[in-house]
Structure formats: structure tokens, C-alpha cells
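Below: one structure, written as C-alpha cells.
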Amino acid sequence: MTEFQTFSKMKELMTAYYFEAKTTKEKPIAWITSGAPVEFLFAMDIIPIYPENYAAMCAANHQSVELMEAAEAQGFSQDICAYARTDFGADILQGGPVGGLPAPHFLLCSTNICKTVIKWYEVIARKYDVPLFIVDTPFVHDGLTDDLLEYTVAQFKDLEQFLARITGRPFDHEHLAEVLRLSQEAAAYWKKILFLARTVPTPINSLDSFIHLGPIVTLRGTQGCVDYYQALYEEVAGRAADKIPSVPGERYRVLWDNLPVWFKMRRLENFFQERKCALVVTTYANSWGGLSNYEDEEMADPYRLLAASYLNVYINYGFEERIRYLSGLMDEFSLTGFIMHSNRSCKPYSVGMYRLQEELSQRTGRPGVVIEADQNDPRVYSDAQIEARLDAFIESMEAAS
Amino acid sequence: MYDPFHEVLSDVRGTILKQARALDRPVIGVMPAYFPLELVYASGGFPVQLWGNRLAPSRADAYLQSYCCSVARSAMELELAGGADMVRGYAFTSLCDTLVNLREVYRRVVDKPTVELSIPVTQTAEARRNYLSSGLDKVNRGLQEMAGGRMTPESLAEASELYGRVRALQRRLYALRLERAGLVSNLDFYAVLKAGSFLGPEYYAKLLSDLLEKLDSMDPPEDSGPRLLLSGLVYDPLELHRILDRLGVRVVQDDFANGWRTVSKETLAVENLVEGVARYLFGPAPCCCLYNPENDRHDYLVDHARKAGADGVLFWYLKFCEPDAFDRPQLMKRLTDEGIPSSVVELELSMQNFDAIGTRLSAFCEMLEG
Ligand code: SF4
Ligand code: SF4
């Protein structure tokens with residue numbers, strides 16, 4: 001991991017966040033999916049808790065196996081998303097880095113990342129006997145259309161009423177406007193940081209961006225989040241100006257598609273460092289650059305803009321758009337190849353990926369590889385197999401250069 | 001008595017071709033689940049339901065990873081192997097993550113048109129209606145292109161009557177099975193049901209009525225093995241029903257997406273198509289794939305099992321089907337709390353060896369009988 005000074009600030013920010021969530025007596029707690037419109041919660045002083053983020057932390061801390069086994073012992077199949085299994089286990093054992101998550105008062109779930117989260121949250125809703133609000137953001141097969149936008153906006157408005165009922169206060173539109181501004185600002189910084197990776201050599205690599213995702217996922221809409229990414233932006237921009245590489249001797253520049261492998265961060269980092277291969281850009285970290293930050297000057301209605309931003313998520317889009325986006329990144333970031341993580345946990349991200357690889361290679365003329373892994377379950381991960389594939393891929397980039 | 005149905009299953013391809021010729025309609029492949037066949041028929045198509053098959057994936061392996069369910073993999077295998085060459089286009093619903101992506105794969109790999117009925121799962125009632133309404137417009141346009149006909153009030157009414165009749169007859173068969181448990185073997189029962197996937201509605205309705213007429217005067221054998229309710233996505237592989245038959249199990253009711261969850265649907269109300277389709281999708285039986293807190297799966301399943309007088313519930317789990325897998329542990333616990341024993345078997349559609357499952361089932365039956 002590149003040694004950013006800002007890193008310690010992130011730790012502080014995240015610790016304070018979890019501390020407040022674990023100790024608050026006044027504020028309601030909502031469990032929320034990573035792609036759900038959190039701004040509505042902040043507008044009503046509700047603390048959002050992100051089980052996905054927590055599951056990732058557990059895996060990065062090498063605690064996911066024990067937790068998943070606890071869930072599996074209760075009958076949850078190994079076939080279901082490892083994030084869900086990890087969190088079920090963390091809930092059963094009150095385990096993981098902060099000893100389990102504070103119990104929810106209600107749940108907010110958006111389908112823009114997958115339909116799996118509905119099932120996951122249904123389980124939680126039943127267990128805690130709490131309400132579940134779903135913002136259904138259907139898969140966009142053929143571009144954003146009016147019906148999709150209207151459908152999503154109508155649900156936002158309904159969500160406001162739901163939150164008013166839950167808190168017993170009228171929905172605070174003024175506060176929402178402020179939160180949206182902060183959220184947009186943070187997302188814009190995040191995007192700018194990721195765009196600095198267009199610099200050759202890149203001052204930040206994708207393993208760094210995975211590590212620094214915490215606040216943009218969990219705290220977008222707060223001032224602390226804006227301040228943090230502003231500081232990080234300045235630091236990374238300084239490095240870009242000084243041409244300090246995140247991977248010394250950078251020779252290959254690569255895109256990573258799908259979630260990281262949270263339990264192999266360190267090992268993969270060394271692996272890529274040794275081979276002078278920089279992971280430069282990822283579809284995953286990029287996703288949070290677009291949330292609450294949809295750019296369309298024609299669209300005046302803030303609700304429609306917000307709807308567009310929450311529908312406009314990479315994995316919520318059809319393959320044509322995915323390929324167009326990926327090939328754009330390949331050029332914009334001067335990439336020499338791409339790695340696709342066929343993630344057993346994440347079907348919406350992965351099913352059909354081999355086809356994407358084929359087409360993207362054809363379209364860009366650059367090599368790509370698919371590796372079979374999982375973001376949270378080390379039991380289905382083989383170092384030897386994956387590293388052999390990655391080595392072959394790096395050789396193919398060498399041959400193509 | 002059951003020969004006509006088994007014959008269909010022993011030559012699905014020949015059957016479809018013959019039926020399509022007789023109907024003079026283009027074949028439209030309908031993927032799981034709940035795409036109203038009525039819409040396809042009313043647009044001039046002959047809907048054939050593809051709930052997966054027994055082909056082991058080889059060509060489909062190039063596109064679909066091993067962690068996709070065998071419904072998706074085998075359906076694509078059939079297409080790539082040329083077994084679905086008579087299918088002119090495909091109708092999907094947005095049932096699960098796998099199917100949503102599968103449609104995207106088809107759009108790039110298979111040179112045939114597709115439509116998707118995107119099912120809104122919001123609880124915001126008006127939004128749901130509006131979205132469904134625009135979704136149905138898209139489906140309508142897509143089907144028109146694919147099947148060549150135009151959906152009219154008359155064609156809808158006709159289709160609704162035909163498929164409504166088919167399901168009503170299937171419900172009679174379900175009722176008969178419940179009242180006279182053991183009269184129809186499990187294998188025959190599901191063969192009768194499955195044959196309907198590949199037949200024109202009128203022809204199938206005739207076969208069903210003839211069968212029901214014969215069955216009407218027959219009595220079941222003396223009481224024997226345990227009464228089970230089966231729950232899962234699909235009732236395949238049929239081979240497993242042969243094993244249940246051998247064990248003397250009497251399946252008295254089910255909760256399969258292509259079984260009772262579909263069969264229980266009333267005649268599609270077409271005067272207000274949006275309302276009609278909404279009702280069709282979300283009731284009366286709940287489904288693990290369609291979020292609907294107003295129709296709770298737990299209460300439903302307990303009630304369903306009780307009404308059927310089931311001695312136990314068997315979860316028929318198709319590997320890698322997440323919607324089903326998520327629900328099961330809590331459902332099993334609830335059933336236990338209600339004093340209803342349950343067990344689970346893990347399946348793949350292309351599986352060949354049923355020994356381990358057979359042993360498991362026999363242990364479950366012994367437990368129920370003990
Ligand atoms: S990893 Fe994939 S399947 Fe799991 S919660 Fe995230 S988006 Fe959904
Ligand atoms: S069996 Fe399950 S995973 Fe497979 S297509 Fe059906 S609902 Fe989707």
C-alpha cells in the first residue's frame with residue numbers, strides 16, 4: 001500500500017464513526033446497502049451502517065472464515081454471497097473488528113448492486129423484526145429512460161414519508177439539500193483522486209483506492225468525508241506532480257474489474273509490485289465517484305439527478321454499456337491490459353464475464369485475463385492457480401508491448 | 001393413462017415442432033419464471049417453457065461460470081447445442097441476478113431477439129403500477145416483433161381463457177392428488193405437469209381433461225408412506241420422483257415455482273392488464289424471488305403444509321439458486337417451531353447419481369414414520 005499521510009485520518013474517521021454507531025442512545029440505526037441513497041438518512045440524523053463494508057473489514061482482518069462457518073452452521077449455504085455469510089456470522093457471534101454491528105431499527109436496501117441484497121435484508125428484517133424499505137432500481141438494459149427515473153423518484157418520495165414515520169418528525173428537506181451538496185462534493189473529490197491515476201506513472205494504485213473506500217461508502221453526505229477526500233486529493237495530486245510512482249518502475253498499467261479479494265490484499269500487492277504492474281483503475285472503486293454525482297446539465301430536478309446517479313451504477317447496466325465504459329477506461333488511463341475477477345459471490349458482477357473479456361480484448365486489442373476467486377471466502381481461493389494465471393497474463397502484456 | 005405425457009417428454013423436440021406446425025405459430029422460449037404465457041400467445045406466438053433440462057454444460061461453460069445454477073446453464077447449453085433451433089426468440093423476467101445477466105449474454109451470443117418483463121418489487125404502489133405499465137408496453141412491442149402478431153383485447157381474452165383453463169385443470173389434478181394421496185405416482189404427476197410446458201394450450205387442456213375424467217372414478221391405494229410437501233424452484237430432475245415413488249412417499253402438495261406457485265394463479269384479468277399482471281405476478285403463492293411482505297412466505301408455507309396434511313416438508317434445493325438458499329434456514333426453523341419436520345436435498349439438473357440423495361430421503365422418511 002502506498003504510504004499516504006492521510007491514511008491515519010481515515011482510521012480516525014472510521015473509528016469515530018463506528019464508535020458513535022455502537023454507543024449512540026439517541027440516534028436511530030439503519031442498515032443500508034452500499035448503493036442505497038444514504039443522503040435521506042443523514043438528512044434525518046439517522047446513522048447508516050453498512051454490512052457490506054463491515055464484511056469487507058472482517059475479511060481484510062482475516063476473520064471471515066470463522067464468521068462464515070458460524071452462518072453455515074445455521075444452514076446458510078456456501079452458495080450465497082460471502083458478504084452476507086460473513087455478516088450473518090458476525091451477527092451470530094458478535095464478531096469481527098468492532099465486535100458486531102449495532103442492532104438496526106430499520107433497513108434500507110437498493111437493488112442497483114444486486115437482487116441478492118433483498119434476500120439478505122429479508123433475513124435481517126425477520127431476525128430483528130424491523131421494517132425493510134426497498135428502493136428498487138431496476139437493471140438498465142438499454143439506457144436510462146423516463147420510466148426508470150420516475151419509478152426511482154417516486155420511491156425516494158415514499159422513502160421520505162417512511163423516514164418521517166420512523167422518526168416521528170417531518171422530513172427535513174433543507175437538511176437533505178445540504179447533505180446532497182456534501183455528498184456530491186465528496187464524490188467529486190473521490191472521482192478526481194481516481195482520475196489522478198491517469199498520470200504515468202500512477203501516484204495511486206487500485207489497492208490503495210480499495211483501502212480508502214471506507215469513508216465514501218459509509219460517510220458520504222458528511223463534512224468529515226469531504227474534508228478527508230480533499231486532503232487525500234491534495235496529497236495524491238502532489239505526488240502526481242512530483243511523479244512519485246505508487247509502483248516503482250511501473251511497467252504495466254492494468255484495470256481491475258469486480259470487487260477486490262479482501263483477504264489477499266497484502267499478498268497481491270507484493271505480487272504486483274514485484275512484477276512492476278500497477279493496478280490503475282477499477283470499476284468497483286469508480287462506482288462511488290458517480291453516486292450523488294451524476295453529471296447532466298439538462299436535468300434540473302435534483303430528485304431526477306439523484307435517481308439517475310443511483311441507477312447509473314456499473315453493475316446495474318447491460319453489457320453493451322459495460323464494454324463501452326471499460327474500453328473508454330482502457331484508453332483514458334493508458335492501460336496495457338485488464339484483469340477480471342470472476343467472483344463466485346457476486347453474480348451480477350460476474351455472470352457472463354468471459355464474454356466481456358473476449359469482446360473487450362477484441363475491441364481494444366489489449367490482453368485481459370479472468371481469474372476465478374471470491375471477495376471474502378479464502379476457502380475457494382488458490383494462490384498457485386491464480387498467480388500462475390496472472391503471470392501468464394503479464395507475459396502476454398509483455399509480448400504485446 | 002399417462003403415456004401421452006411421457007411421450008412428450010421422451011421427444012420434446014419432436015413435440016414442439018409438431019405443435020408449432022399444427023398451431024402455425026412461431027415458437028417463443030419462455031425462461032423462468034412467471035412470464036405470463038398469455039402475453040406470448042396473444043401476440044401470435046407459441047410459448048414453450050424452458051426451465052432447464054438435463055444437458056450437462058459444455059458449450060455454455062464458455063459463458064456461464066460453474067457457480068451459475070443449472071437452470072441457466074442447461075438452458076443456454078440447449079441453445080448453443082442447436083437443440084432450440086426452432087425457438088425464434090426468448091422471453092425473460094428479471095427474476096434473479098443470474099437471469100438478468102443471462103439475458104445480456106444471450107443478446108450478444110445468441111442471434112435471436114429477447115424481451116424482458118422487468119418485475120418491480122417496490123412497495124410504493126403507484127410507482128409499481130406505472131413502471132409495470134411501461135414495462136408491459138416494452139414487452140408488447142418486443143413480442144410483436146418476435147411473434148409477428150398484435151396483442152388485441154380479443155387475442156388477450158382468448159389467451160387468458162385458454163391458459164386460465166389449463167391452470168384450472170392443473171389445479172383439479174392437484175386437488176385430486178391431495179384428496180386421494182397416492183392415486184397418481186409422483187413421477188406421473190410431474191410428467192403430466194411438465195408435458196404442458198411444450199404443448200399448445202388447447203391440446204394440453206384436452207389431454208388433461210381426459211386424464212382427470214379417468215382419474216375421477218379411481219380410488220387411491222391403501223394408506224402407505226409419508227405425505228410430503230416439496231418446496232423449491234423447479235420440480236426437476238424427474239428421476240428423483242421415481243426414487244420418492246420407490247420409497248412409498250406420497251407428495252401431496254408442492255411449492256415449486258413451476259409447480260403450485262404458477263398453477264395456483266387465477267385466470268389473467270386482461271381488462272386492466274397492468275392490474276391483472278401485477279396480481280398474476282405476486283399471488284396467490286409467494287415466491288422467494290419476488291419480494292412481497294404482504295404475502296409472507298413463512299406463514300404461507302406453514303399454512304400450505306398444514307392444509308395439505310403434510311407429515312413433512314422437503315426442500316428441493318437447486319445448487320447456486322441464491323433466492324432459495326437465503327430463505328431456507330429461517331423457514332426450516334419456523335417449520336420446526338410449528339412442529340413440522342423438514343429436510344433438504346441439494347440438486348443439479350444434470351445429475352446422474354442419486355444414491356446419496358436416495359439414502360438421505362430414506363432416512364428422512366424413516367424419521368417421519370418413526
Ligand atoms: S458482493 Fe455482489 S452479490 Fe454480494 S452484496 Fe455485493 S453486489 Fe450483492
Ligand atoms: S433456479 Fe434460482 S438462480 Fe437459477 S434461474 Fe431460477 S431463480 Fe435464478
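The table for this structure:
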quantity	calculated
Accessible area of chain B divided out per residue, in Å², using a probe of 1.4 angstrom	37 Å²
Cα-centred dipole magnitude for chain B, charges only on beta-carbon of K, R (+1) and D, E (-1), debye, nearest 20	680 debye
Shape call, the range A:342-401: gyration tensor on alpha carbons, a/c limit 1.5	oblate
List of the range B:65-80 residues, accessible area with partners at least 40 Å² below that of the chain alone (1.4 Å probe)	B:65, B:67
Charge dipole magnitude, Cβ of K and R +1, D and E -1 - the protein assembly as shown, Cα centre, debye nearest 20	640 debye
Choice from B:356, B:60, B:269 with maximal GNM fluctuation in chain B (Cα, 10 Å cutoff)	B:356
Residues along the range A:314-353 losing 20 Å² or more of accessible surface when the other protein chains are present rather than the chain by itself (probe 1.4 Å)	A:319, A:320, A:344, A:347, A:348, A:351, A:352
Top positive-direction residue, dipole computed over chain A with Cβ charges, set A:184, A:55, A:232	A:55
Chain A: angle of helix A:116-128 to the longest principal axis, Cα-based, in degrees nearest 10	40 degrees
Interface residues in the range B:97-127 - accessible area drops by 30 Å² or more relative to the isolated chain, probe 1.4 Å	B:97, B:98, B:100, B:101, B:104, B:105, B:107, B:108, B:121, B:122, B:124, B:127
Heavy-atom accessible area per residue - the range A:122-266, 1.4 Å, Å²	36 Å²
Between 0 and 90°, nearest 10: helix B:12-23 axis offset from chain B longest Cα axis	50 degrees
Partner chain coverage, peptide A:128-137 - average Cβ within 10 angstrom	3
Highest-fluctuation residue, A:55, A:84, A:70 considered, GNM on chain A with Cα pairs under 10 Å	A:70
Under-5 Å amide H pairs with residue A:100, H placed in peptide plane, nonlocal only	A:95
Dipole of chain A, positive direction: furthest Cα of A:272, A:397, A:162, with charges on the beta-carbon	A:272
Point-charge dipole on Cβ atoms (K/R +1, D/E -1) for the range A:7-171, about Cα centre, debye to 20	540 debye
Residue A:362 paired with residue B:338, simple spin-label distance in nm, labels 7 Å along Cα-to-beta-carbon	5.2 nm
Centroid-to-centroid separation of the range B:227-280 and the range A:141-173 [C-alpha atoms, Å]	35 Å
Portion, in percent, of the accessible area of the protein assembly as shown that falls on carbon or sulfur, probe 1.4 Å	50 percent
Heavy-atom SASA rank of A:295, B:145 (probe 1.4 Å, accessible area, largest first)	B:145, A:295
Extreme residue, positive dipole direction of the range A:7-171, given options A:113, A:94, A:80 (C-beta unit charges)	A:94
Most fluctuating residue given options A:184, A:74, A:63, as computed from a GNM of chain A linking Cα atoms under 10 Å	A:74
Separation in nanometres of the label points that stand 7 Å from Cα toward Cβ, at residue B:129 and residue A:244	6.1 nm
Shielding by other protein chains, B:327-336, mean Cβ within 10 Å	3
Shielding score for A:148-159, defined as the mean number of other chain Cβ atoms within 10 Å	4
Set of aspartates and glutamates near residue A:243 by C-alpha distance (under 13 Å), chain-local residues within fewer than 8 positions excluded	A:235
Distance between the range B:282-318 and the range A:366-401 - C-alpha centres, whole angstrom	43 Å
Buried solvent-accessible surface, both chains (A, B), 1.4 Å probe, Å² to nearest 100	4300 Å²
Three-way shape call for the protein assembly as shown based on the alpha-carbon gyration tensor, with the a/c threshold at 1.5	prolate
Cα gyration tensor, the range B:7-151 - rounded (a/c under 1.5), prolate or oblate	oblate
C-alpha long axis of helix A:223-241 to longest principal axis of chain A, angle in °	10 degrees
Within straight-line cross-link reach of residue B:333, lysines at Cα separation under 18 Å, skipping those fewer than 8 residues along the same chain	A:119, A:127
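The values are calculated or read from the model by the stated rules, or taken from the named source; none is laboratory data. Computed from a predicted model, the values in this text were never measured in an experiment. Glycine gets a Cβ as well: all are built from the backbone with ideal geometry, and neighbour counts include every protein chain shown. Keep in mind that these areas ignore ligands, DNA and RNA; they rest on the heavy atoms of the full protein, side chains included. Shrake-Rupley method; radii C 1.70, N 1.55, O 1.52, S 1.80 Å.
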